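Visitor: The structure under discussion is supplied below as structure tokens; questions concerning it will follow.
Each value in this text was obtained by applying a stated rule to the coordinates, not by laboratory testing. Since the structure is predicted, the reported quantities are computational estimates derived from the model, not experimental observations. FYI the Cβ positions are ideal-geometry reconstructions off the backbone, even for glycines, and counts take in every protein chain you see.
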Amino acid sequence: MKYRYQATNQIGEIIEGELTGPNKEYVFNVLAKKQLTPVHIKEETEKEEEKALKLPSRGHLSALGKIVMVKQLSAVLRAGIPVVEGFDILIKDSEKPYLKRVLLDIKTVMERGESLAAGFASYPREFSPVFVGLVQAGENSGNLDQTLQEIMVQLSKEYELKRSVRAAMIYPTILLIVSVVIVTILVTFILPRITIAFEQSGVELPLITKVVLGITKVLSYNPLFTMAGLFGFFGIGAFFTIWSPPAIKRMMEKVSMRLPVVSKLIKQMALARLAGILSGLLKGGIPAVEALTITASSIGNETYKTYLMKTVDSIKRGTSIADSFRGDARLFPNILISMIAVGEKSGTLDETLGSLAGFYEDEVDRLLKNALALLEPMLLLFMGLVIGLVAMAILLPIYKMVSGIQQ
């Protein structure tokens with residue numbers, strides 16, 4: 001630690017300087033050895049700007065990290081602590097360097113006289129327009145702590161929804177990968193040894209055996225290349241699933257929206273997100289047109305985004321939200337439209353949408369469980385068929401060879 005000191009020498013002159021040491025006692029002893037009498041010793045603390053320069057400027061805030069941050073900030077505000085001081089507490093408690101950097105930058109924005117929403121808006125990759133809009137609505141209404149609590153609930157629901165989808169896909173994905181790897185190893189390393197015996201026997205091979213042995217010859221020509229190609233295939237699949245460009249994502253989305261079971265799951269997820277986001281924005285006092293615009297940009301589904309932007313134009317012309325949703329029964333079920341119409345007439349649209357969000361979240365959970373229950377036996381059946389075909393391809397020629405020897 002650095003210490004700044006003021007001391008007097010033997011003739012009474014004031015001398016200032018800096019020393020680095022573990023504590024003040026160490027600095028005092030060093031000055032005494034120099035025959036200097038300490039007047040003032042103060043620990044030198046880094047300025048926040050200097051701290052920020054040492055923190056990483058690039059990174060990513062996890063969904064769970066954002067939930068914890070919002071929860072802590074809400075608790076600090078409920079305790080009556082001002083926002084800037086609250087950020088000081090969050091910065092000191094933060095262990096992750098990138099999160100500390102984000103919090104310092106947001107605090108700096110507020111110290112310049114701008115709003116908390118403007119601070120969050122300076123990190124568009126981390127905080128969505130919905131997040132920023134709700135924070136701004138909370139600041140305008142004077143209920144920022146309550147708004148942050150609602151944001152935390154919304155983020156938690158989205159996090160749980162995504163986690164349930166990922167968790168449901170883990171087992172089938174592992175099962176598929178393992179089955180492909182096992183069959184590849186079998187065809188690449190084990191069957192080539194049996195092929196030599198078949199060729200030397202001179203037995204007329206069945207068609208299924210010829211096909212399997214043909215595949216074996218191709219794959220076993222260069223086993224290392226085959227294994228590298230297999231892992232490369234899965235790697236490319238994972239890349240396009242997680243980090244695919246927008247054009248590829250749109251194409252995959254269009255294909256997925258036409259698949260029997262997957263399309264229903266995607267629609268239910270989009271409707272759950274739409275209802276949840278729109279409910280939070282309307283509850284925060286944001287006008288319907290602006291709320292729908294923010295929802296469209298945050299829904300994460302290009303098909304629904306395009307339609308919602310058209311809806312915004314029709315609402316500006318005086319059409320109700322329910323009537324504007326009637327244009328495409330494929331995207332918006334009748335139950336959704338009817339409940340929104342009732343909510344608009346009764347003035348409880350935000351609560352109605354909140355109920356719809358819960359309903360569609362339950363539907364997503366049910367569909368995932370049903371799809372998983374159907375997918376697991378199908379994958380096991382697929383594995384059984386493939387292994388059965390390979391076994392038949394090996395056993396039929398052996399049976400012929402044994403029959404020939406007996407004759």
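Visitor: If one computes P(r) from the Cα atoms of region 296-386, what percent of pairs lie at distances over 23 Å?
Guide: The answer is 40 percent, as a whole percent.
Visitor: I want to verify a result. In a Gaussian network model of the chain, Cα cutoff 10 Å, which of these has the top mean-square fluctuation: Gly232, Gly119, Gly133?
Guide: It is Gly232.
Visitor: Enter the angle in degrees (range 0 to 90, nearest 10) between the Cα long axis of helix 83-93 and the first principal axis of the Cα atoms of the chain, meaning the one along which they spread out most.
Guide: So the helix axis and the longest Cα principal axis differ by about 60 degrees.
Visitor: Between the helical axis of 144-185 and the dominant principal axis of the chain, each derived from Cα atoms, what acute angle in degrees is found, rounded to the nearest 10?
Guide: Long axis of 144-185 versus the principal axis of the chain: about 30 degrees.
Visitor: To continue, here is another question. Please give every one of the lysines within straight-line cross-link reach of Lys400, meaning a C-alpha to C-alpha distance under 16 Å, and leave out same-chain neighbours fewer than 8 residues apart.
Guide: Lys210
Visitor: Let me ask something else. Near Lys2, which aspartates and glutamates are there with a Cα under 17 Å away, not counting those fewer than 8 places off in the same chain?
Guide: Glu16, Glu18, Glu25, Glu43, Glu44, Glu46, Glu48, Glu50
Visitor: Ok, one more. So if each residue of separation counts as 0.36 nm, and I subtract the Cα-Cα distance between Val165 and Glu253, what length gain in nm does that give?
Guide: That pair, Val165 and Glu253, stretches by 30.1 nm at full extension.
Visitor: Only counting other Cβ atoms within 10 Å, I'd like Tyr360, Tyr221, Tyr123 sorted with the fewest neighbours first.
Guide: Sorted ascending by nearby Cβ count, the order is Tyr221, Tyr123, Tyr360.
Visitor: Once you've got the Cα coordinates, tell me which of Lys92/Lys162; Lys217/Lys369; Lys42/Lys92; Lys100/Lys369; Lys305/Lys369; Lys310/Lys345 are over 32 Å apart.
Guide: Check vs 32 Å cut-off fails for Lys217/Lys369; Lys100/Lys369.
Visitor: For helix 288-298, report the angle its Cα long axis makes with the longest principal axis of the Cα atoms of the chain; keep it between 0 and 90° and round to the nearest 10°.
Guide: Between helix and principal axis, roughly 60 degrees.
Visitor: Still on this structure, please answer the following. Pull up the cross-link candidates among the aspartates and glutamates for Lys283, meaning alpha carbon to alpha carbon under 20 Å and not fewer than 8 places away within one chain.
Guide: Filter leaves Glu139, Asp145, Glu150, Glu158, Glu344, Asp350, Glu351, Glu361.
Visitor: For the chain, what D do you get in µm² per second when you plug the Kirkwood radius from alpha-carbon pairs into Stokes-Einstein at 37 °C and 0.692 mPa s?
Guide: D, rounded to a whole number, is 120 µm²/s.
Visitor: Please give the length that would be gained between Val153 and Phe382 if that part of the chain were fully extended, namely 0.36 nm times their separation in residues minus their C-alpha to C-alpha distance (nm, one decimal).
Guide: 78.3 nm
Visitor: What 222 nm value per residue comes from the helices of the chain, counting each DSSP H run with n ≥ 4 as -39,500 (n - 2.57) and dividing by all residues, nearest 500 deg cm²/dmol?
Guide: Result for the chain: -25000 deg cm²/dmol, rounded to the nearest 500.
Visitor: How many times 2.2 N^0.38 Å is the alpha carbon radius of gyration of region 2-45?
Guide: 1.04
Visitor: If you don't mind, there's one more thing I want to ask. Which order do peptides 338-347, 9-18 fall in by mean Cβ count within 10 Å, highest first?
Guide: 338-347, 9-18
Visitor: Let me have the relative contact order for region 2-45, percent, based on Cα pairs under 8 Å that are six or more residues apart.
Guide: 52
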